[in-house]
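Structure first, then comments.
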Amino acid sequence: MEHYSPETMCVQAGYRPENGQPRVMPIYQSTTYKYDSADTLGQLFDLKADGHMYSRISNPSLAFVEEKIAALEGGVGAMLTSSGQAANLFAVLNVTSAGQNIVSCAAIYGGTVNLFAVTLKRMGIEVRFATQEMTDGEIEALIDENTRLVFGETIANPALDVFDIQRFADIAHRHGLPLVVDNTFATPILCRPFEFGADIVTHSTTKYMDGHACVVGGVVVDSGKFDWAASGKYPELTTPDESYHGVVYTQSFGPAAYIAKARVQLMRDLGSTMQPMAAFLLNLGLETLALRIRRHSDNALQAALFLEKHPQVAWVNYPGLESSPQRELAKKYLPLGCSGVVSFGVKGGRDAAMKFLDSLKLAAIVVHVADARTSALHPASTTHRQLTDSQLEACGVKPEMVRMSIGIENIEDILADLDQALKCAEGETHAH
Ligand SMILES: *Cc1c(COP(=O)(O)O)cnc(C)c1O
């Protein structure tokens, strides 16, 4: 499938029926697989034969979707997980243990910040946060002999900063470390991080990949390009795994060592498996991903341009705007579009922002982004509700900030809804 374009792979990669088989990918709703001889199953347990033995570890429906996503990202293998949170946890735990640390860009999803700063810390893994404003020297000063990987997010949710993948890949590689990139907001249609030096990619498939707000899911993708043996820092991949009677992943699986270990060891032990029905729904979403993400991006750019000119709007943050400080990075990493999330400030502060949300007719208030329907959220009164206005300011969430996830409806209808809701918010401003 590698020689086909991404649009074609979205539709055709993965499940390829043979003569007389169902045209649509079947849901293999089975925990178990039947074998004719004990020896065949023994071979499977020894990882000497290919096949499925138990659906906590692998399942044909999931395998087809994993193949599609690996093809889209240009990787050697992928593993679906029960959520995006599980994907990022597995990506780190696969090569990091208690007593070790990772370096992460600070502009990342809030759920990942909690995972890194609270839960990984309790597990004995320290996460050191870097910013893109730091010099290479300052970032490299965070790396020591116990550092195991560097982490960042292509388009940060919700800050919308664009991650300088190549720069952080160069820094990581100078120290013999892999770069892990959460590519959720960009999707492989807008950006393929492996082409800029990233080694591992993760996604919350819950967002644009599913695209219909139907199923929570995640995926880890392995580029196959990182040389774990040459680095010398990853005995878990280059020395015998006693829990798998001595398999050495780099020897048995070559370039797919990382993703093989993630599956046969971590997924076996932690069991954050995606369900076959979820994989089916995710695959349906993936079939139209290339169409949808372009439309999300086009609509979001038009909405951002409209908001920028609107008298009731104080500021707009969207990497596709010429006025954006992210513009140069966006041109390099996101030439086809900057995805569907736009944030902006309503003039009149917190009350005007809440009035704007309450006045929306087409867009719905939901705690979600990245599905087909336009939606909106007021972080100051919801996800960041516990914070005072001055605390909000300190973490970059302004009281007047609205985060919009622009859907794939007709853009004129979206703009008309924004306009009428902003007019209602203006009334609120004048009432005070
Ligand atoms: C939503 C999200 C996650 C977490 O994914 P879930 O599927 O909700 O567990 C991780 N990273 C990013 C960038 C996200 O937007």
Exercise. If you build a Gaussian network model of the chain, linking Cα atoms that sit under 10 Å apart, which residue out of MET134, MET25, MET404 swings the most?
Worked result: MET134
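Given LYS34/LYS261; LYS207/LYS261; LYS207/LYS332; LYS207/LYS331; LYS355/LYS398, which pairs have Cα atoms separated by over 20 Å?
LYS34/LYS261; LYS207/LYS261; LYS207/LYS332; LYS207/LYS331
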Exercise. For region 11-42 and region 350-384, what is the separation of their Cα centres, given in Å?
Worked result: 43 Å
Exercise. Given a cut-off of under 8 Å on Cα pairs at least six residues apart, what relative contact order in percent is computed for region 204-348?
Worked result: 20 percent
For this session: Grab the beta carbon distance between ASP358 and PHE129, set R0 = 41 Å, and tell me the FRET efficiency rounded to 0.05.
Result: 0.70
For this session: Please list the non-local residues whose amide H lies under 5 Å from the amide H of VAL247, H modeled 1.01 Å from N, same-chain partners needing a gap of 5 or more.
Result: ASP241
Exercise. How large are Rg and Dmax for the chain when only the alpha carbon atoms are used, in Å?
Worked result: 22.5, 79
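At 1.4 Å probe size, with every protein chain present, just tell me what the per residue accessible area of the chain comes to in Å². Don't jump to the answer; show the numbers that get you there.
Numbers: 18080 Å² over 432 residues.
Accessible area per residue: 42 Å².
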Problem set entry | Net lengthening on full extension, THR239/ASN114 (0.36 nm per residue, minus Cα-Cα) | 41.8 nm
Exercise. Antiparallel DSSP bridges in the chain: what percent, to the nearest 5?
Worked result: 60 percent
Exercise. How about LYS347: which aspartates and glutamates have a C-alpha closer than 15 Å to its C-alpha, ignoring those fewer than 8 places off in the same chain?
Worked result: GLU308, GLU400, ASP419, GLU426, GLU428
Exercise. Using 7 Å Cα-to-Cβ label points, what is the ARG373/MET53 separation (nm, one decimal)?
Worked result: 4.4 nm
For this session: Please give the net charge around ALA279, taking every other residue with its beta carbon less than 12 angstrom from that of ALA279, where Lys and Arg add +1 and Asp and Glu add -1.
Result: -2
Problem set entry | Proximal aspartates and glutamates relative to LYS48, as straight alpha-carbon distance under 14 Å, when same-chain residues fewer than 8 apart are discounted | ASP39
Exercise. How do LEU387, LEU237 rank by accessible surface area computed with a 1.4 Å probe, from largest to smallest?
Worked result: LEU387, LEU237
Exercise. Based on the Cβ-Cβ distance of CYS424 and LEU41, what FRET efficiency does E = 1/(1 + (r/R0)^6) give at R0 = 51 Å, to the nearest 0.05?
Worked result: 0.20
Seminar exercise, completed: Cross-link reach from LYS361 to lysines, straight Cα distance under 16 Å and at least 8 residues apart if same chain, gives LYS423
Exercise. Which residue, SER37, SER104, SER323, tops the fluctuation ranking in a GNM of the chain built on C-alpha contacts under 10 Å?
Worked result: SER37
Problem set entry | Amide H contacts of ALA130 (H built 1.01 Å from N, under 5 Å, at least 5 apart or other chain) | SER104, CYS105, ALA106
For this session: Compute the length gained on full extension between ASP413 and GLN29: take 0.36 nm times their separation in residues and subtract their Cα-Cα distance, giving the result in nm to one decimal.
Result: 134.2 nm
Exercise. Which residue, chosen from TYR249, HIS52, ALA229, occupies the Cα position most advanced towards the positive end of the dipole of region 16-285, where the dipole is computed from +1 (Lys, Arg) and -1 (Asp, Glu) charges on Cβ about the Cα centre?
Worked result: HIS52
For this session: Report, to the nearest whole %, how much of the accessible area of the chain belongs to carbon and sulfur atoms, 1.4 Å probe, protein only.
Result: 54 percent
Exercise. What is region 16-285's relative contact order, in percent, from Cα pairs under 8 angstrom and six or more apart in sequence?
Worked result: 23 percent
For this session: Enter the accessible area of CYS105 (Å², nearest 10), with the probe set to 1.4 Å and all protein chains included.
Result: 10 Å²
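The values are calculated or read from the model by the stated rules, or taken from the named source; none is laboratory data. Treat the numbers as computed from the prediction; the structure is a model and nothing was measured. Cβ sites come from the backbone with ideal geometry, for glycine too, and all protein chains shown count toward neighbours. In case anyone asks, the SASA skips ligands and DNA or RNA and just uses the protein heavy atoms, side chains included. Shrake-Rupley method; radii C 1.70, N 1.55, O 1.52, S 1.80 Å.
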